[in-house]
Amino acid sequence: MLEPRETMPDLARLRADVCARMDKMFEALLPLPDAPHARLYLAIRHATIGGGKRLRPLLVLLSGRLFGVSEDAALRAGLAVEAIHAHSLIHDDLPCMDDDDLRRGRPTVHRAFDEATAVLAGDSLLALAFEVLADPETHPDAAIRSELVVSLSRAAGAAGMAGGQMIDISAPALTLDLAGVTQLQRLKTGALLAWSIEAGAILGRASDSSRRALALYANCLGLIFQIADDLLDHEGEEARAGKRIGKDAAAGKQTFVSLLGAEGARQRARELLAEAVSHLAPFGAEAALLGEVAEFALTRDH
Ligand code: GRG
């Protein structure tokens with residue numbers, strides 16, 4: 001059990017608990033088979049266990065708490081989005097995309113294993129996400145499970161994250177302006193973060209007005225998260241980030257930092273933080289930790 005909200009005001013501690021729970025859940029779902037394809041399981045475990053900030057499951061949990069959603073249900077939906085996130089990182093690191101050797105301070109999956117295994121590990125995680133969501137253990141009501149599956153499919157697919165990745169790949173040739181970069185990041189990074197917040201509302205049968213307020217908060221959060229990512233890519237440390245930095249400039253991509261300057265981007269993120277918190281007003285003190293997540297998204301160092 002995670003500690004109850006009353007004794008757990010500290011976001012860092014709650015996040016550490018979510019990290020531990022995610023590791024345990026992935027361990028339980030991915031036992032190593034005594035079979036010829038055990039290598040695939042090793043690769044998936046490499047990508048999912050023992051790393052990452054687990055921001056997306058944390059968001060499902062905090063959003064779900066606003067509507068009385070059980071921890072178990074929220075963390076199952078959180079695991080589903082974390083599986084898709086891991087799929088996207090494995091595929092993004094491949095030589096045909098970003099060609100990276102380091103992720104979360106460890107060799108990327110195609111480096112630790114090989115390219116074909118990395119493609120299959122990413123594919124398997126995409127499938128695992130929907131297996132978990134569609135399981136009655138996630139929610140007894142099939143209509144709720146179906147809404148989770150449909151909305152996550154949209155967030156991950158061509159109209160969401162994968163579409164954003166397509167624009168990103170084309171970005172050096174497109175010379176995007178601020179509206180273009182915002183649109184790219186809303187899809188590539190924002191769609192899964194927004195789904196994480198929406199998932200808590202779906203599980204808790206939240207009202208339309210609550211969903212609208214959370215969607216506005218999510219939009220700000222996604223942009224804050226991406227501006228922080230751009231700043232880390234611009235001025236962070238590789239050892240701390242656990243991944244190669246300075247990639248965007250080297251690839252000739254437009255980012256919030258290249259368009260606004262580092263200080264301008266930081267200022268824009270601070271404005272978005274104030275706006276994000278304002279959208280949480282209808283939920284009162286119950287939503288304080290979501291406000292802290294938005295602050296963490298900006299001040300994080302990796
Ligand atoms: C390959 C379909 C496909 C999509 C790839 C999300 C994505 C699209 C690529 C990831 C590349 C990247 C570094 C994007 C910037 C924002 C981002 C998603 C950063 C990583 O997310 P964190 O910081 O990672 O939450 P951790 O390691 O903490 O889980």
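Things to note:
- Placing a pseudo-label 7 Å from each Cα along the Cα-to-Cβ vector at GLU271 and ASP123 gives an inter-label distance of 4.6 nm.
- Spatial separation of Cα centroids for the stretch 119-197 and the stretch 262-297, in angstrom: 23
- Cα-projected label distance for HIS37 with SER209, points at 7 Å along beta-carbon direction, nm: 5.0
- For GLN254, the residues 5 or more places off, or on other chains, whose built amide H falls under 5 Å of its own are LEU176.
- Förster-model FRET efficiency, 45 Å R0, ALA134 and SER170, C-beta, rounded to 0.05: 0.85
- Where Cα atoms sit under 20 Å apart: lysine pairs in the stretch 11-299 separated by 8 or more or lying on different chains: 7
- When only Cα pairs below 8 angstrom with a gap of at least 6 residues are kept, the stretch 11-299 shows a relative contact order of 20 percent.
- Applying the Karplus relation 6.51 cos²θ - 1.76 cosθ + 1.60 with θ = phi - 60° to the stretch 226-233 yields 3J(HN,Hα) values of 6, 4, 4, 4, 5, 5, 5, 5 Hz, where x marks Gly and Pro.
- Placing a label point 7 Å from the Cα of GLU238 along the Cα-to-Cβ direction, the residues of the stretch 96-137 with a backbone N closer than 16 Å are 99-108.
- ARG111, ARG300, ARG154, ranked by accessible area, largest first (probe 1.4 Å): ARG154, ARG111, ARG300
- Projecting the Cα atoms of ALA249, PHE67, HIS87 onto the charge dipole of the chain, computed from C-beta unit charges around the Cα centre, puts PHE67 farthest toward the positive end.
- Percent accessible area from carbon and sulfur atoms, the chain, protein chains only, probe 1.4 Å: 56
- Distant-in-sequence amide contacts of LEU102, defined by a placed amide H-H separation under 5 Å and a gap of 5 or more residues or a different chain, comprise THR108, ARG244.
- Accessible area expressed per residue, the stretch 11-299, with surrounding protein chains retained (probe 1.4 Å, Å²): 42
- Exposure check, 1.4 Å probe, all protein chains in place: LYS24 carries approximately 150 Å² of accessible surface.
- Label-point gap, in nm, between ARG111 and LYS53 - each point 7 angstrom along Cα→Cβ: 2.1
- Based on the Stokes-Einstein relation at 25 °C and a viscosity of 0.890 mPa s, and on the Kirkwood radius from alpha carbon pairs, the chain is assigned a translational diffusion coefficient of 126 µm²/s.
- Per-residue Karplus couplings for the stretch 139-152, computed as 6.51 cos²θ - 1.76 cosθ + 1.60 with θ equal to phi - 60°, are listed in order as 7, x, 8, 4, 5, 5, 4, 5, 5, 5, 5, 5, 5, 6 Hz, Gly and Pro entered as x.
- Size descriptor, Kirkwood hydrodynamic radius, that averages inverse alpha-carbon separations across the stretch 1-130, Å: 15.3
- Karplus-derived 3J(HN,Hα) values for the stretch 125-138, using 6.51 cos²θ - 1.76 cosθ + 1.60 with θ = phi - 60°, are 5, 4, 5, 4, 4, 6, 4, 5, 5, 7, 6, x, 5, 6 Hz; glycine and proline are entered as x.
- Added length on full extension, which subtracts the Cα-Cα distance from 0.36 nm per residue, HIS302 to ALA250: 16.8 nm
The values are calculated or read from the model by the stated rules, or taken from the named source; none is laboratory data. In this text, all values refer to a predicted model and were calculated from it rather than measured experimentally. No Cβ is skipped: glycine too gets one built from the backbone with ideal geometry, and neighbour counts run over all protein chains shown. Quick note on the areas: whole protein, heavy atoms, side chains included, nothing else; ligands and nucleic acids left out. Shrake-Rupley method; radii C 1.70, N 1.55, O 1.52, S 1.80 Å.
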